[in-house]
Every structure is written in structure tokens, then in C-alpha cells.
Amino acid sequence: MDKQRHSPPSWSTKFLAWFLKEDYYEDVQGDLEEEYQLLIQSKGLSRAKRWYNWQIIRLFKPDMAKKIEAQNSIEKETTMFKNYFKIGLRNLWKYKSSTVINVVGLSTGLAAFVLIALFVKDELSYDKHHEHAEHIYRVTVKNYTTDGDLSRHWAFASAGHASRLKEDYSEITHATRFFPWAFPDLKYGDQEFLGEPVIFCDEDAFDIFSFEFIAGSAETAFPDIYSLVLTRSTAVKIFGSDWEEQNILGETVTLERDGQGAPFKVTAVMEDMPDQQHFHFDYLAPIRFVEMIMGEDAANNVSGNYNWITYIRTTPGANIPGLTQNANEEFWDKYIGEFQPGVYAREYYDFVLQPLLDIHLTSNLEGEYETNGSIDQVYIFSIVGILLLLVACVNYMNIATSHYSRRMKEVGVRKVIGAFKSSLIKQFLSESLLVVIVSLPLAVLLIIWALPYLNEFLDKKLVFNPIAQPDIFIGLILLMVLVGGLAGIYPAVFLSKINLVQALKGEQAMNASKWNFRSFLVTFQYVVTIGLIFAIGVIESQMGFIRNSDPGFEREQMVSLFLPRGDYQNETFRNELLKHPNILKATFSSRIPTGRLADSWGSRFFKGDSAIATSFRLPVVTVDEHFLDAYGIELLAGENFREGMETELMPDTIVTGYYVVNLAAIKALGFEDPNEAVGQKLGYGPSEGRIVGVMEDFHFESLYSPIVPTLFLTRDRYRRVSMKLAGENIRESLDHIENVYAQFDPEGEANYRFVDDMFNEQYQKEERLGTMIKVFAVIAILIGCLGLIGMVGFIIETKIKEIGVRKVLGASTSSIWMIISNRFLILIGIAFLIGLPIAYWFMNDWLETFVYRTSISVFLILMPVIAAAVLTILAISYQTIKATRVNPVECLKDE
């Protein structure tokens, strides 16, 4: 009886057949199988299989393998693609109008996408150049009210936080503070530079951040407390453009403030800080100098004076949430303890460690050193950029299907002579890629033309140089291939799947379905257009609401500037300003409306002899007796400040206080009638006194923030002067202000600002967002209209005989126009039902970032669909009317 016969492993046998020369295969395979069967009997099946597989692998040698005809295959494919491109060029030239529309649409979409991509790339690159960026955190502090509500979240920390955190927690390897010390004057030889932004920092700054040194080094930057590190720009500014040849290290410059100066030696020069960094400094000096000036108590303070920008660097892999939790549970009790019996500091403070890479796009805290970007805007522009690219591709698809409908018989003939579906797809994809190749140079020209305007508008230095920037060059190539494939895939498949009978019959057979994928494409274009128009309407409505809203104070024709330096009486300066007849009013204050309410002391309200700490934050603004009148703020009860009501806040000294509060403050204290609050006893910081007046609420901060309880007091310490100007001869009034300023501070400069400009600058991000959305909406609408033109052309071509028959039967031009337009109006309705809810959700979410905001009216909801309908009618009317005027004989002569 024969033993059971086992077949060799199939995959090995197939592999042998694939690579072994045909002359050898039969003999080799037969010998191997015979030996395989013998091994099964003597060694077993498992060992036989291993032997068989190994023999196959051993035979895989160049002299045993078939000759691969790769070269012939490559040459064949190359020849085919040359043929495809040749045919494509002929068709581009043959159908010039379609080519122009395609090229304009794709080049515009590509240019818009690349410009947005440059902006997004720039925003996402902030602070990434620092070597230890992933391990750097900014120490920020949250303050809470007695009710546990968040009062303020500071971007700064106290002076003593950095050193103590580093000492107490081993995860923190380095800590530094940056402290802007009142912009001292800098003197070198005969040169004097006023109000220079000198920043004082700890030595650890050079171990945390990757500053690039041109002269000197991080190790020798701060040999003593009188060291000064310059940037390239400031080195040129002080020593001239040839500073590198002068060996400026060791040169002495003087920093002077309030008439007192100290000599500092230049110890190093750094490169200017990159634009893609959330802070920028021109000078760095040792913070030990400031500690010497301010004293030990100020340098070790851990419970206030949030003016010290603080960063830490942690060990790789540090548990940041755990570190934060431990610091909040231990630090405050250890270094502050109880404010009063049973009231612990930890209940009022929290540390938050912000990752360095998150600051630029996600942080908008109290006291940010520079204005940050917005991750929401990055998301919005990214979505808009992708939508624009898709709209451009959809536009091409619609026009391409119209264009290729003329080539049905060509497709049929190709299939008759043996063309495969894959070869047809390759041909049409090659033609779409060719259109993109033609569009790309025009897109590059558009980018080069538009980029300077975009940089000026965004205040950026975006660079587009594909030759010098390999990442951009590679990105353009990939984008070209992606768009070519994306735009061409539907027309290619659309035509290649048509069977021979359909192709030879013409278009009618393949267009029997009224609702097809092209309808979906047009609907998508309408969804994007309606969404962008709705976004424009909401943004413009909100910005109009802001511009026309009454902030509660007079901002028109109000000018403000910082007070001049020097020893003089404020009243003398004010009187000099008022000598000009067009300067109607002048007032002094520590801050002005449109600023931020940053200064705050603890407050307490007296009931009888008992003082009860207030449960809300009460910021303070120092003003003179002319403030309410100058800014047009109504006094509701009591009296305004007058001579003798100065309140000097001095630590550790209880002084008599006189306070004017706003309406929100008395409501927070429990009073409904302002008159009831007048005369009530209040303690504020190191002062105790009475509320002498109650003023109407007004928006001191932006409309992002609610009106908060605010206290006003008067003392002879101000920072700013505000003036109300008459409406005529503005230039003459400003010249007078400059002249008076120069009398009191000959070396200073009167950098005045109009308050209404400062008010509008609070919403600069929104203004930019609105303008950018407008521009991109116009581009989307332009591309969409081009797509409509192509789509209408497609429909008219497929219905030309139907139009002829209808005209013979007496149909009017308007009825034929309605038949064609009706389809698009239905698509607009569908797009409205899809696009508006999505856009409404996004824009309503955006509006909620404002405490005071407009409502989305019925007009704003209907406006996009009306605009889309009007644009559609305008885009299709010409072609439709033109088609209805064609002689029916011309339409039907082939029948």
C-alpha cells in the first residue's frame, strides 16, 4: 500500500515558478519534489518542509533567475505618459476657455492655500528653536476670592517663587526671572538713548533658553552685577555697524533712572531674538542688581507684586501634574501659612505651569509680556485653507466633466481598439496633473505678489522661497501631485467606467440621472460659500456692535500720553496744556479706560466696628478730581474728589481713605441704592475711610470682560494725562501738546495716543479675522462661480436638443431658464440646510468669547442663501439666455 503523498509548500513552489528560468523549472521542481517525498518518509514532514524551503531560497541566484524586463516596462510607461501629456496639451489648446477657467481656479486656490499654510506654519513654530523647549514651563499664579471664584490669573509670579521652587523640588533643574525695570536711560559717550527696555534676569536664563551668542558666551555673560548683554541690533545702535571690529566687550555704558546712574560693562552680544518667540528683549542684565536696589524683602516676596516673569526647566520625564499639585499643597503653607486664624494662603493661590510651546497660541493671561496669537484662528484658517483647496479641486472636477463630455466618442473608439480602464484613468489623471503643472507657476507668482501685503497686514515676516527652503519646495511638489490626483480622479473614473454603448451613443445615456455625484460637488461648493458669507456677516455684526456700543465713557477726541519725567507740579503741567483753546479738559490718572485693571489691594467692609473681608476682587485706579468730567462719567450719588481727599497708600501705615466706587462695587457690597452706600466705612489696603461718591458703571476693560467692582481714589502719584480736544484744528492741538511736553522733559518724546484708537486695538484680532475671512470668501466665491459656469455649460450641452424641441413647441426663454436654474436653486436650499447649522455652531461659539455681544438675527441667517442665489443667477444667466436664443434648427439638425 502506497504511503500518503504530501504536496510541497505551495508558497515556495509559486515563488520558484516566479523567479526560476523556464528552461530549468521542470527538472529542478521535479527533483526537489522527489527528494521532498523521500525526506518525509525518513525525517518527517516538518523537517522535509524546512529542507524544501531552504533549497528554494538557495536557488534564488542571479544566474538561475529570469531576466526581468524592467527596463522595457519603464520605457513603455514613459512612452505612454509622453503620449498622454501630448494629447493633454492638444486638448488644453483646443478648449482654451475651459483651460483658462481651470488654471485660474486652481492657481488661485493653490495660492490661497499656500499663503494660509505659511501663516499656520509660522504660528506653530513659536519657541521651538529652544533646545530644551519641551521641558520649559512658565510659572503663573491664580488668585481666588474668599468665595473660591477666580479673581485673576497672572502671567507673572512673585520675586521669591523661582528660587524656592528650585530649592524644594528636585524635578526643577533651573529657574529664572525676567524683570523689566522701568526702562532706564542708557548713555555711552556723547550718545544718550532714552527709556531703553533693559530686562534683568537670573544666570539660569542662559541654561533654560537657547540664546545664540555672537560675542562672549553664556558662561561669561554675568561675571558680576554690573554686566550687560546686548543683541545685534542694540550693538549696532550704540556702537555702529562696524561694532564687530571694535572689540566692544568691556566697554562701559551707564544706565540711569530718576537722576541716579550705574556703570555697566558689555560682556556679550547675542543674535536678535527670533520673530517666532513669545518674548523679545534687547538688553539683559543680572537680576542681582535689582535685588540690591530693592532690598532683601522685595527680592524674597512670595505673596504679591506679580511683576516677575518666571520660567523653570525640568528634568526629562518629570511628572508635571504631580509637581504642580505638590507645589500647591505645600508651597503656600510653608512660606505664607495663614493670613488670619483659619484662613490659609493655599485657599487663595494656585500655581499653574504653562508649557513653553503652548504659550503663544493658548495663553491670554493678565500681564502677558507681548500679545500672543490664537489657536482658534489657526484652526479657522487651516479649515478655510483646506476648504479653498477642495473648492478649487471641485471646480476643476465640474468643468472637467463638462470638458470631457465632448470626448465620449473618443473614449468609445479607444475602448473598441482595446484600451483598458486603467489606461484611460492614467490618461485623464495625466491631463489633470498637466493642468496643475501649468497652474503652479501662476500660483507662485500670486503668492510672491500677495505675500508683502499679507506680511504688512499681519505684522509678520513670512518668507516664501522654494529654492532656498527645501521644505517648501518639497511641499509644493507634493501639493501639486495631491491636487492633480484629487482634482482628476473623479473625471478619470467618471469617463473610464462608461461602457462602449454609452460612449458611442453620446452624453444623453450617461446623464439620465438628474442627481449624481456632480450635484454633490456643487452642493459642497454652496455649503462653503454660504458658511463663509454667514461668518462674514456675524463678524461684521459683532464688530459693528463694538464700534457703536457705548462704553460708558467719552472716547472721541480724547488723547492720552505718559507724563513727562522731571521735578514739576502736575497742576502746572495741566495749566500749560489748557492754555490752548482747543484743549478743553485735562486729567491725571494711573490708568485709562481701554487698559487692564491690574492693581489691587485687599478690601474690607465695616459693619459697626467689625471689619469683614470682601469676597470679591476690588481693583484700584488713581485719578484726580477732573477724571469724571473729562471722560464724561456720571456721578450717581455723593460727591467727586476735592482738595484734601488724597489717600496715600503706604504699607504698614493706616491712613484715612476717601473712595469713589462704581455701581458694580456697591451692588457687590449689598446695596441697591447708590445713596445708601455713600458714607459707608470701607478699608482698602493700608487705608480706612468712607465712600464719598458712586459713579455709573463703564467699560474700563474690553467687552471680553464684564464690568467689575472698581475703587477710585486720588493722590499725587499718576502715570498718565488725558485730554479732551475740540473737533477742529486737531494737528494744531497736538503740536501744542508736544511743545508743552518738551518744556517739561526736553529729552523725552510725547508719544500720545487717541483713546478711540486704543479702544479699537483691543479687537485687532477680530478685525484681522474678519478681513481675512472676507478675502478668502471672495476667493471661494470666485472659484465657485467659475465652477458654476462650467456646470451650466455641461448641462446646456447635454440638454441642447431638449432646448431645441421645447422652443419648437413654443417654450419661452424664461421657462427654459427656470428649468436650468431650478436645479441650482434646489442645491442652494440643500446647502443652506447643511451649511448654516455648521456655520451657526462655529460662529455662536466665537461670539460667546465676548461678554457683551450681538445677537444672530434672521437677516444674518437669510443673507447667505440670498447672496448665493443672486450670485448663481448672475453666473448662469448669460449662458442660459444665450442657449435659448440658438436657432432650433441648429440644435436638431443631427436628428
### the stretch 695-762: translational diffusion in µm²/s, Stokes-Einstein, Kirkwood Rh over Cα pairs, 4 °C, 1.567 mPa s
86 µm²/s
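Which order do peptides 729-735, 831-837, 619-625 fall in by mean Cβ count within 10 Å, highest first? Walk me through the numbers before you get to the answer.
Values: 729-735: 14.1, 831-837: 18.0, 619-625: 21.4.
Descending packing order for the listed peptides: 619-625, 831-837, 729-735.
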### Query
Mean projection of the alpha-carbon convex hull of the stretch 240-314 over all orientations, in nm²?
8.1 nm²
### Task
Find the Cα radius of gyration of the stretch 445-498, compare it with 2.2 N^0.38 Å by division, and give the number to two decimals.
1.67
### Query
When only Cα pairs under 8 Å and 6 or more residues apart are kept, what is the percent relative contact order across the chain?
13 percent
### Task
Output the peptides 368-381, 95-108 sorted from most to least packed, where packing is the average of other Cβ atoms within 10 Å over each peptide's residues.
95-108, 368-381
### Query
Mind checking the angle between helix 813-847 and the chain's longest principal axis? C-alpha axes, 0 to 90 degrees, to the nearest 10.
40 degrees
#### Entry: Accessible area expressed per residue, the chain, with surrounding protein chains retained (probe 1.4 Å, Å²)
48 Å²
### Query
Which semi-axes, in whole Å and largest first, does the equivalent ellipsoid of the chain have when worked out from the alpha carbon gyration tensor as the square roots of 5 times its eigenvalues?
68, 42, 28
#### Entry: log10 of Debye I(q)/I(0), alpha-carbon scatterers only, for the stretch 119-169 at 0.23 Å⁻¹
-0.95
## Note on the structure
P(r) over all Cα-Cα pairs of the stretch 288-362, 10 Å bins from 0 to the longest distance, whole percent per bin, short to long, reads 15, 38, 35, 13, 0
### Query
Taking the Cα-to-Cβ direction at VAL870 and at ASP27 and moving 7 Å from each Cα, how far apart do the two end points lie in nm?
8.8 nm
### Message
For PHE698, what residues show an amide H to amide H distance below 5 Å, using hydrogens built from the backbone and excluding near sequence neighbours?
### Response
none
### Task
Would you mind checking the pairs LYS82/LYS882; LYS82/LYS121; LYS96/LYS799; LYS94/LYS426; LYS94/LYS807 and listing those with alpha carbons more than 28 angstrom apart?
LYS82/LYS882; LYS82/LYS121; LYS94/LYS807
#### Entry: Neighbour cut-off at most 16 other Cβ (10 Å), DSSP loop, trypsin sites (Lys or Arg not before Pro), the stretch 415-493
LYS460, LYS461
#### Entry: Set of aspartates and glutamates with alpha-carbon distance to LYS579 below 17 Å, sequence-local pairs under 8 removed
GLU571, GLU728, GLU732, ASP735, GLU738
### Message
So, taking all protein chains as they sit and a 1.4 Å probe, how much accessible area belongs to LEU389, in Å² rounded to tens?
### Response
20 Å²
### Length added when fully stretched, SER423-LYS14, from 0.36 nm per residue minus Cα-Cα
144.4 nm
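One quarter of the convex hull surface, Cα atoms only: what value does that give for the stretch 746-845 in nm²?
Here the figure is 11.8 nm², rounded to one decimal.
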### Query
If you wrap a convex hull around the C-alpha atoms of the stretch 342-398 and split its volume per residue, what is the figure in Å³?
115 Å³
## Note on the structure
The ³J(HN,Hα) series, computed from each phi in the stretch 738-751 with the Karplus coefficients 6.51, -1.76 and 1.60 at θ = phi - 60°, rounded to the nearest Hz and given as x for glycine or proline, is 4, 5, 5, 4, 5, 5, 8, 9, x, 8, x, 10, 7, 8
### the chain, accessible surface, carbon-and-sulfur percent (1.4 angstrom probe)
55 percent
### Message
Semi-axes of the equivalent ellipsoid for the stretch 179-264, please: Cα gyration tensor eigenvalues, times 5, square-rooted, ordered largest first, whole Å.
### Response
20, 18, 11
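The values are calculated or read from the model by the stated rules, or taken from the named source; none is laboratory data. In this text the structure is predicted, and so the values were computed from the model without any measurement. A quick note on method: Cβ atoms are made from the backbone with ideal geometry, for glycine too, and the neighbour counts reach across all protein chains shown. Side chains are part of the model used for accessible areas, which takes the heavy atoms of the whole protein and leaves out ligands, DNA and RNA. Shrake-Rupley method; radii C 1.70, N 1.55, O 1.52, S 1.80 Å.
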